[in-house]
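Working notes, structure below.
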Amino acid sequence: MKILLVEDEKELSDSMAEYLQKENYLCEVVNNFEYALEKINLYHYDCIIVDIGLPDGSGLNLIRSLKKNRSETGIMIISARNSLDDKITGLEIGADDYLTKPFHLPELNARIKSIIRRRSFGGVNEIVFNELRILPENMEVMVNDESLTLTKKEYDLLVFFLSNQDRVLTREAIAEHLWGDDMDMADSFDFIYTHIKNLRKKILEKGGEDYIKTIYGMGYKFTGQ
Amino acid sequence: MKLLTRTSRLYVSISVVVFIISGLIFYNILHGIFKRQLDETLIEEKLLIEQTINFSDSVPDFRLIFGHMIDVTILNAPHSKTGYIKDTLMYDHDLGTFASFRHLFAENTSFRKKGYTINIYKPLRDSEQLIAEIVISMSLVFIGLLLLLVIFNYFIARRVWIPFYRILDNLHKYEINQENPLELTSTDIYEFDLLNQALEKMSKKIRLDYMNLKEFNENAAHELQTPLAIIKSKLELLIQKENLDENQMHLISAVFEATTRMSKLNQGLLLISKIENNQFIHTEDVNIVTLIEKTIGHFEEMITHRHIAVSKNYRQQVTLNMNPTLAEILITNLVSNAIRHNINQGRIEINAEPDSFSITNTGQLLKTDPQILFERFRKSEINPDSVGLGLSIVQKIANLYLMKVDYICNQGLHTLKISYK
């Protein structure tokens, strides 16, 4: 998987690249519009992450250029501008998703995975982890080929975990993933606890293993080790 | 008190005092003059009488000549020379009462070595009457003048102060955050022009400062975004390291939480400055009731978790023409506010009326003045975790669409009411 990361803030692009590279993505980083345009014209990427406010041009124009070439590349917009107009324009001209800075890296990762999943027509449109199998199209979860009934939030939580395997997920990142950023933090931590408890119980009941580890004072980690 | 009333009053009172004092002085002077004249006549008459006595030693009937009270007595022995003139009270036959008279008394010895005394009385009433008439007519003239002065002063002042009221009117209408600068029309009065210039200069300076501050706020909030994003992303990378112990995790967690808080704060500030800068131009018809329903759904878990009962009373579908993002922020803030400051097993009541909608929640009694709730960074002592910008943002959004936000607190029920026209 090849990903192009267009972000002018070097430290930020480094962080993103470091996080994404652990997912075995080949991550290329460019820091300006001109260079990015050159790259997308020369090479093919599975996904491109674009910052809208680049010093020498709008990221929106990169998307327009990609779409003009009928590219199949998945497009993820990141922007500091918390503006609905940008979001609408971006999605209208063909971006797949939109993320506002500052965001959690696991969130970016989960969304990119989702984009890539949706783009891969090869039929591998499912997430498999040992005895767990998720069919995102039907929002269906199987444990040892047995169907598992989950609530919407539990399902979202499981997909988020599976998208960020072996990573420590902070409670903040989970809360924002599940409820957006206008949720009262203190309360949402209780809900996360409840949801995780229920999710564990349901998986265990179907003979699955408990992969969710609590990282004390920080959050949770989904790991097979 | 109006300046005009004040000056008029001062004018009148000073004039009255001046009039009384000058009237008294005038009266005295007049009185003196009349007395001197009377005295001169008395002396002349006395001289005439003395002449007669010197030449004839007889006493002619002077009453025939002068027509008033003269009393001359010839003595046999010579007499030393004395005399005076003074005021005296005598019975006036003409009036039938006692009245003031000028009395001349003289004693002397004639050429023929015979003493004599002369008493001449002249009534003062004629001159007093004259003085009274003069004073009365003077007073009338003065009062007339004073009235004219006051009236003229009133009209002149009113005319002269017109530019001042125009300036005042302009100042009233002026708002620091509006587009056009303060413009004052020039007047033909030097002092008002000076005032104009000073005001214009001052308003320009204030405006500039205000703009700078606003720009600074916006830039500061905007520029903080990137470093915050970097801190967050680096922390997220840091916690992925395998060899962290629990203590280190705790430290990172605390930094993480503080950063999240700061990030929220920053977003709030940025939002406020964007609202202030009118950056939400696009508007459409937003159905508030639908939006409230959606938001309640969004917070469903929290409402259930805290066993809050929600009752809705939609008397009318409310449709407001506003920016959809702002409408969403407005409703989200109101609803989350009602949940956050609620008590467990509490209530939330939502009302939609033709001209307003309101959200009421049960909650603990406020210790602070309700009005300052709308100030930035104002938070309740019960919930110190909140950033304290929620109601300030509500207020800003409401102001932008000329809506009115009222906070009503009644026996543990807190109501936020948004009224519109």
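No value in this document is a laboratory result; all are computed from the given coordinates. It should be emphasised that the depicted structure is a prediction, and the values quoted were computed from it without experimental measurement. Note that we place each Cβ from the backbone using ideal geometry, even for glycine, and neighbour counts take in every protein chain shown.
Charges were assigned to the Cβ only: +1 to each Lys and Arg, -1 to each Asp and Glu. The resulting dipole of chain A about its Cα centre is roughly 500 debye. Compute the distance from the alpha-carbon center of the range A:40-94 to that of the range B:81-114, in whole Å. Cα centroid to Cα centroid, the span is 127 Å. The range B:280-345 and the range B:5-51 have Cα centres separated by 89 Å. Pairs over the 26 Å Cα-Cα cut-off, from the set A:LYS101/A:LYS202; A:LYS87/B:LYS204; A:LYS39/B:LYS264; A:LYS67/A:LYS152; A:LYS201/B:LYS232; A:LYS113/A:LYS152: A:LYS101/A:LYS202; A:LYS87/B:LYS204; A:LYS39/B:LYS264; A:LYS67/A:LYS152; A:LYS201/B:LYS232. For the range A:127-222, the relative contact order is 30 percent, taking Cα pairs closer than 8 Å that sit 6 or more residues apart in sequence and dividing their mean separation by the residue count.
The mean sequence distance of close C-alpha pairs (under 8 Å, at least 6 residues apart), as a share of the length of chain B, puts its relative contact order at 9 percent. Simple rule: put +1 on each Lys or Arg Cβ and -1 on each Asp or Glu Cβ in the range B:162-299, find the dipole, and look at B:LEU238, B:GLY297, B:LEU171; the Cα lying farthest toward the positive end is B:LEU238. From its DSSP helices (H runs of at least four residues, each -39,500 (n - 2.57)), chain B gives a residue-normalised ellipticity at 222 nm of -19500 deg cm²/dmol.
Here the protein assembly as shown carries DSSP beta bridges of which approximately 75% are antiparallel, counting only pairs with both residues inside.
Neighbours of A:GLU28 by Cβ distance under 10 Å: Lys/Arg scored +1, Asp/Glu scored -1, total +2.
Look at the dipole of chain B built from charges on Cβ: of B:ALA157, B:THR259, B:LEU199, the Cα furthest out on the positive end belongs to B:ALA157. Dividing the summed helix terms, -39500 (n - 2.57) for each DSSP H run of n ≥ 4, by the number of residues in chain A produces a 222 nm estimate of -13500 deg cm²/dmol to the nearest 500. Sorted largest first, the principal axis extents computed over the alpha-carbon atoms of the protein assembly as shown equal 170, 58, 52 Å. Arranged from fewest to most other beta-carbon atoms within 10 Å of their beta carbon, B:ARG340, A:ARG70 become A:ARG70, B:ARG340. Out of every Cα-Cα pair that the range A:2-119 contains, those further apart than 26 angstrom amount to 7 percent. How many percent of the alpha carbon pairs in chain B exceed a separation of 31 Å? Tail of P(r) above 31 Å: 69 percent of Cα pairs.
Placing +1 on the Cβ of every Lys and Arg and -1 on the Cβ of every Asp and Glu, with nothing else charged, gives chain B a dipole about its Cα centre of roughly 380 debye. The residue list B:GLN129, B:GLY268, B:ALA77 was ranked by how far each Cα lies along the charge dipole of chain B toward its positive end, using unit charges on Cβ atoms, and B:ALA77 comes out on top.
Three principal axis extents of the range B:9-144 based on alpha-carbon atoms, in descending order, are 71, 29, 20 Å. In plain terms, the residue of A:ASP46, B:ASP355 with the fewest other Cβ atoms within 10 Å comes first and the most crowded comes last, giving B:ASP355, A:ASP46.
Taking every residue in B:236-243 and counting other chain Cβ atoms within 10 Å of its Cβ, the average works out to 5.
By the beta-carbon count within 10 Å of each Cβ, the least crowded to most crowded order of B:HIS414, B:HIS172, fewest first, is B:HIS172, B:HIS414. For the range B:3-156, averaging the sequence separation of C-alpha pairs within contact (under 8 Å, six or more residues apart) and dividing by the residue count gives a relative contact order of 24 percent. Using 0.36 nm per residue and subtracting the Cα-Cα separation, the extra length available between B:ASP92 and B:ARG9 on full extension is 25.2 nm.
Within chain B, the longest run free of chymotrypsin sites (Phe, Trp or Tyr not before Pro) that sit in a DSSP loop with at most 15 other Cβ atoms within 10 Å is B:112-376.
The chymotrypsin sites (Phe, Trp or Tyr not before Pro) of the range A:1-77 meeting both criteria, a DSSP state outside H, G, I, E and B (loop) and at most 11 other C-beta atoms within 10 angstrom of the site's C-beta, are A:TYR43.
What base-10 log of the normalised intensity I(q)/I(0) is obtained for chain A from the Debye formula, alpha carbons as equal point scatterers, at q = 0.10, 0.14, 0.16 Å⁻¹? Result of the Debye calculation: -0.48, -0.91, -1.13.
Rounded to the nearest 20 debye, the dipole size of the protein assembly as shown about its Cα centre is 1720 debye, using +1 on the Cβ of Lys and Arg and -1 on the Cβ of Asp and Glu.
Averaging 1/r over each pair of different alpha-carbon atoms in the range B:284-419 and inverting the result gives 15.0 Å, the Kirkwood hydrodynamic radius.
First measure r as the distance between the Cβ atoms of B:LEU251 and B:HIS305, then evaluate 1/(1 + (r/R0)^6) with R0 = 25 Å and state the FRET efficiency to the nearest 0.05. Efficiency at R0 = 25 Å is approximately 0.25.
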